[in-house]
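Only one structure is covered here, and it is reproduced in the block below.
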Amino acid sequence: VKIKSGFLEVYTDNPHDVEKLVKNWYRRRAEQKLREIALPLIESFAKRHKIAIPQENFVLRQMPTRWGSCTAKGKIIVNPELIKAPAGCIEYVILHELCHLVHRNHTQRFFDLQTKEMHDWAKWKTRLEKLLA
């Protein structure tokens, strides 16, 4: 699977393999790109808020109805389909989940923190909803 002129090209001897090959390509690309974007955000957020966030607490998992999630134990889970969105949308989802490490629910304090971390988060949320909904 390769990108050529903005299109995915799939080379295979078996046409039944195309879907699997494309899914695997997206997964590898998501793993690389999402970590590239997430790890610096996680590191700087952890320093600012004086919390420990081990790298293994950042996980990719296919989720049918969510872009991201934060578990009670502090694991940040991101949907690999997010790779199809612009970097600002990806940053928004990651920062949203990181804010849950400080405020577990969607209180005003949570949204104040989210705004402090990413002042234009609403723009990226709206763009994500329009692009990938």
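The values are calculated or read from the model by the stated rules, or taken from the named source; none is laboratory data. Owing to the predicted nature of the structure, the values given are computational and were not obtained by experimental measurement. Cβ atoms come from the backbone with ideal geometry, glycine included; neighbour counts cover every protein chain shown. Heads up: the accessible areas ignore ligands, DNA and RNA and are worked out on the full protein's heavy atoms, side chains in. Shrake-Rupley method; radii C 1.70, N 1.55, O 1.52, S 1.80 Å.
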- Message: Going by what's in this entry, would residue 97 be described as modelled with pLDDT under 95, out of contact with any Leu (no Cβ under 6 Å at 6 or more places or on another chain) and not in a loop (DSSP other than H, G, I, E, B)?
- Response: no
- Query: Looking at the range 89-101, is at least one residue of a type in the set (Phe, Trp, Tyr) and over 17 Å from residue 30 (Cα atoms)?
  - Reply: no
- Of everything in the range 84-110 that's β-branched (Val, Ile, Thr) and within 17 Å of residue 42 (Cβ to Cβ), which residue is most open to solvent (accessible area, probe 1.4 Å)? 102
- State whether the residues of the range 30-46 include one that is touching a helix residue (DSSP H, G or I) at 6+ places or on another chain (Cβ under 6 Å) and open to solvent by 80 Å² or more (accessible area, probe 1.4 Å). yes
- Task: Scan 20, 50 and give me the residue that is more than 17 Å from the chain's Cα centre (by Cα), on the phi > 0 side of the Ramachandran plot and of a type outside the set (Ser, Thr, Tyr).
- Result: 50
- Message: Restricting to the range 82-133, count the residues that are without any contact (Cβ under 8 Å) to a residue 40 or more places away in the chain and either farther than 25 Å from residue 64 by Cα or of a type in the set (Val, Ile, Thr) (or both).
- Response: 12
- Item | the range 54-73, residues that are open to solvent by less than 60 Å² (accessible area, probe 1.4 Å), at pLDDT 90 or above and assigned to a loop (DSSP other than H, G, I, E, B) | 63, 71
- Sort through 71, 65 and tell me the only one that's closer than 30 Å to residue 6 by Cβ and without any contact (Cβ under 8 Å) to a residue 24 or more places away in the chain. 65
